Every structure is written in C-alpha cells, then in structure tokens.
DNA sequence: TCATCGATACGGTACCGTACCGATACGGCA
DNA sequence: TGCCGTATCGGTACGGTACCGTATCGATGA
C-alpha cells in the first residue's frame, strides 16, 4: 500500500516506519480473504482477522482506515492474471486450457466472487477493486485468446458467439454451485467448452 | 409450529387462531425478500422487517422460530414456475421466450439469488429452499422445453450441448452484473441465446 | 372471553473504532 | 560499532451501536 509511493517501484518506504514485513502483510491479506470465502463479506470482522493472525486490532486500524479499505487492499495485492500465459497456437486448445485453469480456481477465486457477490452491489469501491483484480484481467486475457483465434482465421470476426464467451465461461463456473450443489471443476469446464462453446464458434 | 403439544388433550394442530390474513402474511414475505435483495441476507433483521411492515417483532417470532425459518417460509410462498407455460412448438422460439422471461426477472429473482448466493453455502436448509423454489422448477421447465425439441427431432438427443443449456442461461443471467456492471435484460438474453445457445444446438 | 395483536422494554451478545498500556526493535547519531 | 530515543508492536479496556430473542403490557376482535 505505502509502496505505491512516487519514487521507484522497489524503493524502500522511507516515510513509514511500519514493522510489518511484506510477508506479514500477506498473512493479513490471506486471512481476510479466507474469512470472506468462509463466512461472507458481511460476517468478516476485524477482530476475527486480528485473532487468526495474532495481531491486535490496533495494528490493522493503523494500516487501513476500515474494513472496506482493508479488503480492497487485500484484493489488490491478490491480483493475478491466470489466463495470461495461455497461447498454444490453436483457439480450441487455448479455450480448453482456459477452461481447465478456470475450473482449478473454483476453490479460491470463485468462492471469493460468490462471497463478495452481493457486497459489490452496495459498495462501489469494493466493486471496482473486485473488477480490477478478479474480473477484468481474466476477461481481457480471454478476449486476447479469442482475438488471436480470429487473427489466425480460425473463427470469423463477426461471429456473434465471440462476444458471449467470457460470460459463458464465468457464468457457468459460478452458477454450478447453485444448480448442482458443487463447484465446477476442470473436467466439467473442459467438457462444457467442448460441448457448447466450441460448437457455437464453429470449432470442433 | 408453536405447539409442542405432547400432553395437552387439546388439538395437536394448535388450531391456528392467528389473526394474520394470507394477504398480511404475503406482506411479511414480500418485505423480507425485498430486504434480502436490497441489503443481503446477513444484513436482514427481524426488526427491519417488523418496522417496514409495521408489525411487532413478537408477531414475527410467534409465527416463525427465527430468521432462517422466516426466510425459508417466504421463499416457499414465493415459488413460481416462470418457464412453465412456454410451448410454441419450436425449440428455438421456446428458448427465445425462455430467455426473454429470464431477462425480465433480473430485477427480482436474480437479485434474490445474488443476495442469497453465499448464505446458501452456510445454511443447508436455506439452500434446499432456494433450490426448490427458484432453481429446480425453472431448470425442470427448461429441460422440458429441450426434451420436447428432441422429441420433435429438432435436435439430436445425444447433442452434448443440451446438458449445458440451463447452466448457460442462468450463469450468463447471473454473471452479467459482475462482468458489465448491469443486470442482463430480455434483449441481452435473447441475443445470447441466438448467438451462442442455438448455434451450439445446431439450430438456425 | 381470551388468544393474538402492536408496542416496547429488557438482558445478552457481538463488533465497531479509539485509546491506553508496557515491550520491543528500528534507525539515527556519537 | 554500539547505544538511545521513539514509533510501532501486541494486548486490552472502553463506550457506542445494533440486533437477537424473550417478556410484558393494554387494546382488540373472533
């Protein structure tokens, strides 16, 4: 958080004298995200995080103004782009890889999204943080996969199904818990892509 | 439910002498469901429902043991089957109608599902009630639409895309808020069906 | 007549965010 | 290099707020 100072990226924080190491900070972030996954956003408490990380509430409140800021910081620190490395040269195979990767987080990011699903409708800042960290990077990577497929001529640029691929993937990923009572795993996602997404794109 | 009546010679059924009319009960149910949609399940309070319906907490607690039972009762009373009447004789048209109908609830059932999304992972009873009232009737109706299409020979019974139609419909419906910041309306859903679902089924 | 109504008061619990406490380790300076 | 000054540490106590679920009340209507 303080490391986003105006100077270089890895410049040591000169102003703050916090004794909290980056590893310790990550413990806080991991703890709060896990509590969100387990209990839901509303039920997460600063006291709970303090207890599980064996720090004091004071410490948390010294670093972050309130729960929202704390969670936003945790989300931002958790940003990753899981689809980014996928580029096999074949659109169908790229989509299979993406489906597999998506299915593999079900125990993590999907639960997080599930737990934050309603909170983001109430807190714009939280919504923005979630979109920037969990949604947009993955959607962008997925659209990049599709763009390369179009560029290679595997699918026509005006295929209307292209637009809905991200919604299909993330939608199916997320709805399975409600429909079937379990999270969508890699196998399920790959089967879904092969059965529904690829045919709609005119691929096999 | 208030009667433990193990010893009383009186009626076991506890002759419901409640002055609460069915219309009044529906006010309670509507109020609690609307509060869930607006504030989320965790944030709903019996005091809030009592206030907005201008009844007393005592009244609510006389009828229902606690918040969970109250919400479960409200869900059960809200059960409907919105896809049930759809039968145009054409699978493609049936799916368009279903998509339009689905898009039309976005302001209601989808928000409810969104708000309950995490709560159902914690409370099995709530999960079951939600599935029985919001999920299963619609999925069953949708599968019935598909079954008729197969029967008419519009799509082969072994088309693997068949299995994923419900997941796609409800998944896309639900994920749009996260992806695009707005709920999926009827037009969006119809376009999605025409662009992705029908092609995967080999229609059009 | 009397159970149920709405209203309200109650004790209990939980968490917020702040304030205060010694203990400690960082970091500037001799 | 070694020693202090001091900010931050973990722990805890605090007042304030909110809601739970129960109990009690006079009024009401089947």
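Here are a few things to note about the model shown:
- Candidates B:102, B:51, B:119, ranked by Gaussian network fluctuation over chain B, Cα under 10 Å, top entry: B:51
- Build a GNM of chain A with springs between Cα atoms under 10 Å apart, and of A:30, A:158, A:94 the one that fluctuates most is A:158.
- Per-copy distances of the residue A:195 label point, shortest first, in nm (7 angstrom along Cα→Cβ): 2.3
- Rounded tilt (10° steps) of B:67-77 against the dominant C-alpha axis of chain B: 50
- Using alpha-carbon coordinates, inclination of helix B:91-105 to the longest axis of chain B, degrees: 40
- Label-zone membership for region B:67-102, site residue A:195, 7 angstrom Cα→C-beta point, backbone N under 20 Å: B:91-92, B:95-96, B:99
- Across the copies of the chain, residue B:56 has label points (7 Å from Cα along Cα→Cβ) spaced 4.6 nm apart, shortest distance listed first.
- Treating r as the C-beta distance of residue A:80 and residue B:77 and R0 as 41 Å, the FRET efficiency rounds to 0.40.
- Taking the C-alpha atoms only, the angle from helix B:165-180 to the longest principal axis of chain B is near 80 degrees.
- Spin-label model, residue B:187/residue B:57: points 7 Å from Cα along the beta carbon direction are separated by 4.7 nm.
- Length-normalised contact order for chain B - Cα pairs under 8 Å, 6+ apart - percent: 23
- Put the Cα centre of region B:133-204 next to the Cα centre of region B:19-56 and the gap is 33 Å.
- Average beta-carbon neighbours from other chains, 10 Å sphere, peptide A:119-127: 3
- Residue among B:46, B:169, B:189 with the largest mean-square fluctuation in a Gaussian network model of chain B, springs linking Cα atoms under 10 Å: B:46
Read-outs: derived from the displayed coordinates by stated rules, not from any lab. As the structure is a prediction and not an experimental result, all values here were calculated from the model. No Cβ is skipped: glycine too gets one built from the backbone with ideal geometry, and neighbour counts run over all protein chains shown.
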